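The values are calculated or read from the model by the stated rules, or taken from the named source; none is laboratory data. Being a predicted model, the structure only gives us computed values, none of them experimental. No Cβ is skipped: glycine too gets one built from the backbone with ideal geometry, and neighbour counts run over all protein chains shown.
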Amino acid sequence: MIDIQKLSTNAAKLVVKSKGILAADQSPESMNKQLKAVGVPEEAEMRRLYRQLLFTTAGIEQYVTGVIMHDGTIRNHTDEGVLFSDLLISKGIIPIIKVDKGTVPHTNFEGEVLTQGLDDLSKRLVEYYDMGARAAKWRAVITIGSTTPTVENLRADAFLLARYAALCQEAGIVPMVEPEVLFSGSHDIKRAEAVTTQTLQILFDALAEQKVDCRGLILKSSMVIAGSECTVVSTPEEVAEATLRTFKNAVPEDVAGIVFLSGGQTPERATENLNAIAKQEASRNDLPWQFAFSYSRGIEEPVLETWQGKPEKKGAAQEALIKRLRLNSLADTGSYDTTMEAQ
Ligand code: 13P
């Protein structure tokens with residue numbers, strides 16, 4: 001028997017108006033790439049120092065309800081030996097663990113991938129719960145191309161997501177299901193909407209089949225937006241309209257909350273689009289869900305660029321973090337304006 005009361009209470013603590021979830025769960029390999037891009041040595045100690053910089057920033061709890069971490073990060077600690085998970089809990093922030101183990105090619109389906117990580121998942125979840133994790137993330141990757149995604153790929157990924165979500169709920173952990181429809185590509189916004197709608201419909205069918213209770217589940221979604229290579233750039237209003245219509249057509253009303261990934265949009269654009277979504281949400285009364293941001297690159301890019309691994313830049317990098325969090329917090333209530341970027 002799952003404790004749905006406990007799951008929905010924790011989900012509600014995570015998806016709160018004017019707050020968000022920091023996705024600091026880059027794998028060591030992706031973190032290394034991001035460090036290298038700003039000239040920082042690709043070393044475990046630099047990754048630890050970077051996470052320490054993020055998590056020790058004074059006041060993040062004002063804007064952040066939860067932080068998503070990779071396995072290596074949740075086990076890591078500050079200079080003083082305080083576990084990152086304990087540090088976050090002491091600030092009232094909920095530790096979230098990324099539990100998938102990345103993607104592998106989908107055999108027989110050229111250009112498509114499936115997410116792996118179900119082996120031993122139950123065992124790992126028990127350990128993560130003991131470390132304080134109350135939610136867990138799993139990311140599926142959907143690529144829009146001339147022949148992708150196939151319905152077979154969407155179904156297979158949906159089953160994996162549903163199975164992981166059921167195991168999370170069994171362990172008292174809120175699943176944060178993330179079917180990311182990639183921004184890269186030349187598709188227009190209509191195609192993005194069709195693919196995202198189909199992805200979500202197939203996903204929620206699979207979740208229902210595995211008897212996952214949506215009241216104790218968070219959807220982490222991409223925004224519906226024309227691809228990065230599309231000649232017609234989507235306006236924030238178009239993104240908001242298409243994204244909200246997609247959710248209306250595909251997401252059950254009892255889902256506990258919906259959070260957004262930034263997906264490779266610039267930090268400013270991710271904030272502007274969130275703001276447009278919140279504005280439209282406020283102007284209508286047919287949307288049952290709470291929305292929040294859950295960005296990684298959309299929050300961290302300016303932090304890394306400012307820090308560059310230099311101890312003397314730590315304070316400025318932490319200021320850059322607070323600035324992005326504050327602007328996204330404003331955007332989550334529709335009160336952001338691009339002129340605030342210069343302040
Ligand atoms: P981005 O905001 O960089 O897309 O990352 C969010 C995330 O959690 C991806 O899994």
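A few comments on the model shown:
- Sole residue being of a type in the set (Asp, Glu), in contact with a Ser or Thr (Cβ under 9 Å, 6 or more places away or on another chain) and in a strand (DSSP E or B), chosen from 193, 178: 178
- The residue that is surrounded by the most Cβ atoms within 10 Å (Cβ to Cβ), counting only those in region 11-23 that are farther than 15 Å from residue 97 by Cβ and β-branched (Val, Ile, Thr), is 15.
- Failed criterion for residue 26 (all others in (1) within 15 Å of the ligand (Cβ to nearest atom); (2) exposed (fewer than 14 other Cβ atoms within 10 Å of the Cβ); (3) in a loop (DSSP other than H, G, I, E, B) hold): (2)
- Scanning region 260-299 for residues that are of a type in the set (Val, Ile, Thr) and buried (at least 24 other Cβ atoms within 10 Å of the Cβ) gives 271, 277, 299.
- Entry remark, region 173-197: residues being surrounded by fewer than 18 Cβ atoms within 10 Å (Cβ to Cβ) and over 19 Å from the mean Cα position of the chain (by Cα) number 5 in total.
- Pairs where the first residue, in region 269-289, is basic (Lys, Arg) and the second is at pLDDT 95 or above and surrounded by fewer than 20 Cβ atoms within 10 Å (Cβ to Cβ), C-beta under 8 Å, 6+ apart: 279/334
- Across region 55-77, the number of residues qualifying as crowded, with 21+ Cβ neighbours inside 10 Å and either in a helix (DSSP H, G or I) or without any contact (Cβ under 8 Å) to a residue 12 or more places away in the chain (or both) comes to 3.
- Taken over region 1-18, the residue count meeting the criterion of being closer than 15 Å to residue 291 by Cβ and either more than 16 Å from the ligand (Cβ to nearest atom) or part of a helix (DSSP H, G or I) (or both) is 6.
- Exactly one residue out of 157, 130 is more than 16 Å from the ligand (Cβ to nearest atom) and at pLDDT 95 or above, and it is 130.
- Flag for residue 292 being more than 16 Å from the ligand (Cβ to nearest atom) and either part of a strand (DSSP E or B) or small (Gly, Ala, Ser) (or both): no
- Failed condition for residue 301, given (1) closer than 18 Å to residue 61 by Cα; (2) acidic (Asp, Glu); (3) within 16 Å of the ligand (Cβ to nearest atom): (1)
- Sole residue being touching a His at 6+ places or on another chain (Cβ under 6 Å) and either on the phi > 0 side of the Ramachandran plot or not hydrophobic (A, V, I, L, M, F, W, C) (or both), chosen from 180, 112, 127: 112
- Selection status of residue 259, within 16 Å of the ligand (Cβ to nearest atom), under 20 Å from the mean Cα position of the chain (by Cα), part of a helix (DSSP H, G or I) and of a type in the set (A, V, I, L, M, F, W, C): no
- Exclusive hit being more than 16 Å from the ligand (Cβ to nearest atom) and hydroxyl-bearing (Ser, Thr, Tyr), set 271, 243, 266, 333: 333
- Residue in region 282-323 that is nearest to residue 217 (Cα to Cα), counting only those that are among the basic types (Lys, Arg) and touching a Phe, Trp or Tyr at 6+ places or on another chain (Cβ under 8 Å): 314
- Restricting 111, 81, 59 to those that are within 22 Å of the chain's Cα centre (by Cα) and farther than 27 Å from residue 213 by Cα reduces the list to 59.
- Residues that are within 16 Å of the ligand (Cβ to nearest atom) and assigned to a helix (DSSP H, G or I), drawn from region 211-240: 239
- Residue 163 being surrounded by fewer than 20 Cβ atoms within 10 Å (Cβ to Cβ) and either away from the ligand (no atom under 16 Å from the Cβ) or of a type outside the set (Val, Ile, Thr) (or both): yes
- Scanning region 114-144 for residues that are surrounded by 19 or more Cβ atoms within 10 Å (Cβ to Cβ) and of a type in the set (Ser, Thr, Tyr) gives 115, 128.
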